[in-house]
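The values are calculated or read from the model by the stated rules, or taken from the named source; none is laboratory data. Since this is a predicted model, take the numbers as computed values, not measurements. Glycine gets a Cβ as well: all are built from the backbone with ideal geometry, and neighbour counts include every protein chain shown. We work out accessible area using only protein heavy atoms, side chains counted, and drop any ligands, DNA or RNA first. Shrake-Rupley method; radii C 1.70, N 1.55, O 1.52, S 1.80 Å.
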Number of protein chains: 2
Amino acid sequence: MNVKRDLETQVLMAARESNISSILFRNAISRKLGLVSTDSECLSLLSIKGVSTPKDIARFTGLTTGSTTAMLDRLEKAKFIKRRPNPADRRGVLVEINEQWTKTVGPLVEEIQQAQAELIASYSDNDLATIADFLIRFANNVKAYTHRIEESLNQPHRGIT
Amino acid sequence: MNVKRDLETQVLMAARESNISSILFRNAISRKLGLVSTDSECLSLLSIKGVSTPKDIARFTGLTTGSTTAMLDRLEKAKFIKRRPNPADRRGVLVEINEQWTKTVGPLVEEIQQAQAELIASYSDNDLATIADFLIRFANNVKAYTHRIEESLNQPHRGIT
DNA sequence: ACTTGAAAATCAAGTATCTTTATTATAAAG
DNA sequence: CTTTATAATAAAGATACTTGATTTTCAAGT
């Protein structure tokens, strides 16, 4: 029973470590490219989703819509993203990654992507299924509780400044 | 062979999803407490390491030492951290979490921590060992490549502004 | 001991980012 | 066809960040 609890603690710690190391990696890339952290969060989102809207980007980065506009102006000027009208809603725009971003960030991430692919390939099918299952459940928990916190955001705490 | 590649892709995607959902969670907490994202990165680090130095905090958050000083001033004024002299080096200070932070953030995270603990407890010992192993290796890869990028930070790209 | 060069934290000035509030245009509902 | 809500933007003000200089201390070398 103690062995079991040790294992549980190890998984918790490992999940934290993994999370922290991802933050450090993102920060390193950001400094390298002269981006602020919200910039790279935005670009991460777009890299995965392909296309998004300023509204969703604002939610993801935690920015107000005002600063999201400013951020998208920056990134568009740097040719990292493109804005185009949303055919389904003339109020809105769609934001997508521009080729320039791939060319810029590619050399910085291709090695680690290769390394992670090799790491994953070294596991058995059974193990991979277990790992994927765990990660998805873990993420789903996080999403559920994020939603709760956002819902309770109407009587906000005061800022610290 | 195709099944295997599907599984590999699933793990990659799941890892990304997990990472993204953690960012969203952190941003939600930050907005709730009126913190900027570097503040909560700093507090995360301190929650895990217990005690740290402004130098290490600067590296972790990607801030300059100058803005780290300002950030620590903010957090100290809010009673979320404490500074105390470093007995081993009179130039430096040690930074640690203050009780006030635990009391403030505790209610916001205890439910999800409970949920994650239950999720983890639902796996067999074998599975837990596999998951921990994977997460640690994954994180170690990220750390290694973060280090490389930081090393190459001497001929930096130009900022985008 | 005494210099020298480096390291840790801080400070002050300037710049950039973020929030707030208001505005424009469009959508959806009554 | 008014009313209310939503999406994005703009401008002004507040906040956070960077840069460069300063202070104190450390670690070697002489």
Return one number: the angle in degrees, 0 to 90 and rounded to the nearest 10, between the long axis of the Cα atoms of helix A:65-77 and the longest principal axis of the Cα atoms of chain A.
80
Rounded percent of accessible protein surface that carbon and sulfur make up, the range A:27-92, 1.4 Å probe:
54
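Using the structure shown, list the pairs from A:LYS103/B:LYS55; A:LYS32/A:LYS77; A:LYS79/B:LYS77; B:LYS49/B:LYS79; A:LYS55/B:LYS82 with a Cα-Cα distance above 30 Å, or answer none.
Working: A:LYS103/B:LYS55 33 Å; A:LYS32/A:LYS77 18 Å; A:LYS79/B:LYS77 41 Å; B:LYS49/B:LYS79 18 Å; A:LYS55/B:LYS82 38 Å.
Long pairs (Cα-Cα over 30 Å): A:LYS103/B:LYS55; A:LYS79/B:LYS77; A:LYS55/B:LYS82.
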In the P(r) worked out for the range A:17-112, what percent of Cα pairs fall beyond 20 Å?
35
Overall dimensions of chain B as given by Cα atoms, namely Rg and Dmax in Å:
19.1, 60
So what's the back-of-envelope 222 nm ellipticity for chain B, counting only DSSP H runs of four-plus at -39500 (n - 2.57) apiece and dividing by all residues, rounded to 500?
-24500 deg cm²/dmol
Figure the gain on full extension for B:VAL93 and B:THR53 (residue separation times 0.36 nm, minus the Cα-Cα span) and round it to one decimal in nm.
13.8 nm
Helix A:2-33 versus the longest principal axis of chain A: what angle, 0 to 90°, nearest 10, using Cα atoms?
30
What the 10 Å binned alpha carbon P(r) of the protein assembly as shown shows, as percent of pairs per bin from 0, is 5, 23, 33, 27, 10, 1, 0
Chain A: longest stretch without exposed trypsin sites (Lys or Arg not before Pro) (DSSP loop, at most 15 other Cβ within 10 Å), sites themselves excluded?
A:1-78
Distance in nm between label sites at A:ARG16 and B:SER152, each 7 Å beyond Cα in the beta-carbon direction?
3.2
Distance in nm between label sites at B:GLN100 and A:ALA121, each 7 Å beyond Cα in the beta-carbon direction?
5.3
